[in-house]
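What follows is one structure encoded as structure tokens, with my remarks underneath.
The values are calculated or read from the model by the stated rules, or taken from the named source; none is laboratory data. As the structure is a computational prediction, the values presented were derived from the model and not from experiment. Note that each Cβ is placed from the backbone with ideal geometry, even for glycine, and that neighbours are counted across all protein chains shown.
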Amino acid sequence: MFEEIYKQIEKYQTIVLVRHIGVDPDAMSSQIALRDSIRLTFPKKKVYAIGNGSSKFSYIGSLDKNEEYKKALLIVLDTPNISRVDITDINTYDYKIKIDHHQFIEKFCDIELIDTTATSASQIVLELINATGLKMNERIARTIFIGIMSDTNRLLYNASPKVLKVISDMVNAYTFDMEQALNELYSRPMSEVKLEGYIAENLKINENKFGYIILTAKDIERLGVDSASAGNIINNFSGIEELQTWAFVTEDVKNDIIRISIRSNGPVINKIAEKYNGGGHKLASGVRVKTLEEAQKVLDDLNLECMQYNKEKNK
Ligand SMILES: [Mn+2]
């Protein structure tokens, strides 16, 4: 399938790369790395990476202007379902390719390269570059490295021999400052540490090992963070004995939504996320709902799932 994707890239003069809403380092890195590789290989093509960015990820690279492009090839990265694609109208494009590592949800592209064994979309982009005539340089290698390190939390999750090998081969051939790249990825403001402390103090944990917190717009303002911050630190709550599944609910007044980030060390949570139009991986998901009542329904479903999971386990 790599060759088939390469053929389409060769064929189109204008290529647009997008990824999921609520940008994260893997989504952004896979998008930027593939854009830069196509530009490097085909300097005459017009290649754009678009979508809503975040100033926090400016160290990965910069996005292009959101515009409508006619007769273009669209490449969607790191996104399993159409509702999470960060673009207004996907159907204006001539041909569409999906490159993803999430569990399959729906087909919405002409070619879909899905590898759920890959750690990250960035890893698949690296494999695509390795398997085809696409070119690589130090900067692209660094971008890919950041994507893989982010989705694996510095190789804490899914550190397969395969991913270790592709990273090793890549950093052998293309040298960059790995420590500096990781420092960029893991540096954070004190306000976020304070938010973490606040959540640790106020997380409600029940007998089903389910924990949750609701952060109101007031909480967010008082702590000096933004509505995406809780989602950024949610992984830091893994490895806590009393906590098996946890959800952070954050009011986002600016976008008039409620964001819910969910993590689990046991019960599968993405089915519940999907039920509310969210998505993600089996043990790491996100949902956006409109009201606190809806958020409560998500929390109730999660709690029920945790109860059943533990009942089954203790049989
Ligand atoms: Mn990803």
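Just checking, which of 251, 274, 305, 294 is over 18 Å from residue 201 (Cα atoms), within 18 Å of the chain's Cα centre (by Cα) and not assigned by TED's automatic domain parsing to the domain that holds residue 150?
Result of the check over 251, 274, 305, 294: 274.
Condition first: within 15 Å of the ligand (Cβ to nearest atom) and surrounded by fewer than 17 Cβ atoms within 10 Å (Cβ to Cβ). Now tell me which residues in segment 135-153 satisfy that.
153
Scan segment 126-134 and give yes if some residue there is farther than 30 Å from residue 40 by Cα and either away from the ligand (no atom under 16 Å from the Cβ) or without any contact (Cβ under 8 Å) to a residue 12 or more places away in the chain (or both), otherwise no.
Checked against the condition, which is being farther than 30 Å from residue 40 by Cα and either away from the ligand (no atom under 16 Å from the Cβ) or without any contact (Cβ under 8 Å) to a residue 12 or more places away in the chain (or both), segment 126-134 yields no hits at all.
Do you know which of the residues in segment 269-315 that are assigned to a helix (DSSP H, G or I) and among the basic types (Lys, Arg) is modelled with the lowest pLDDT?
Among those that are assigned to a helix (DSSP H, G or I) and among the basic types (Lys, Arg), it is 313.
Show me the strands (runs of 3 or more DSSP E) found entirely inside segment 1-96 where at least 3 residues are modelled with pLDDT of 95 or more, buried (at least 19 other Cβ atoms within 10 Å of the Cβ) and within 16 Å of the ligand (Cβ to nearest atom).
14-19, 73-77
Identify all residues within segment 182-206 that are assigned to a helix (DSSP H, G or I) and in contact (Cβ under 8 Å) with a residue 40 or more places away in the chain; write none if there are none.
Those that are assigned to a helix (DSSP H, G or I) and in contact (Cβ under 8 Å) with a residue 40 or more places away in the chain: 184, 185, 192, 196, 199.
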